[in-house]
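The values are calculated or read from the model by the stated rules, or taken from the named source; none is laboratory data. Everything numeric here is computed off the predicted structure, so don't read it as measured data. Reconstructed Cβ throughout: ideal geometry from the backbone, glycine too, with neighbour counts over all protein chains shown.
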Amino acid sequence: MGVPTIKTGPMTVEEFYAFTDTRPDEEKWELIDGEPILNASPSRLHQRIIKNISFMLTAAEMRLDASWEVLPGLGVRVSNTSRPEPDVVIVPKGENSADPQGRDLSHVIVAFEILSPSTQNRDLRWKRAAYTSLPSLTHYVIVAQDRVEIVVFAREAGFAERRYRSIGESIELTPLGVSLPISEIYRNVAAG
């Protein structure tokens, strides 16, 4: 019996799929620079914010008969060794995924991340660089769940950071013709 070959390099997206196919469905994994990362279970506040954003965007999608669609929980293939999974994405309608089984996307227009204590560093640094490297991306939106604070990186502003801290403001996704009132993003969320 010979010695098996041990792969020591980073995991590829295809190897990541083979790995996650063996894991329970309720686990949320991301592939970051070839390393599989298990995310903590989201809080109720986290899920309410996702629901609020998804509801507003879905209503706008139908009202505008948009050429885009809103989807939660799909990964974004940013390289052969990185596949983060934003909380909510906006993609062109009929977007062909980079994965034949439809588990991830390659043409993302807007990515939303709801900050969690365990992911905030990665969301603010690594994911910002990863998402803004996508030619199709117009906005990367990061939403705090413990207070009213949203950070938006927009292509039209050179992906410079813009912070929103007032419940009376709105996030403008101008290329999509959508305005998201911050009061609605935080509806039924006791953020300070």
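For the stretch 113-163, how many residues are under 18 Å from residue 52 (Cβ atoms), assigned to a loop (DSSP other than H, G, I, E, B) and more than 12 Å from the chain's Cα centre (by Cα)?
7
List the strands (runs of 3 or more DSSP E) that sit entirely inside the stretch 26-112 and contain at least 1 residues that are modelled with pLDDT under 95 and over 16 Å from the mean Cα position of the chain (by Cα).
Ranges flagged: 35-38.
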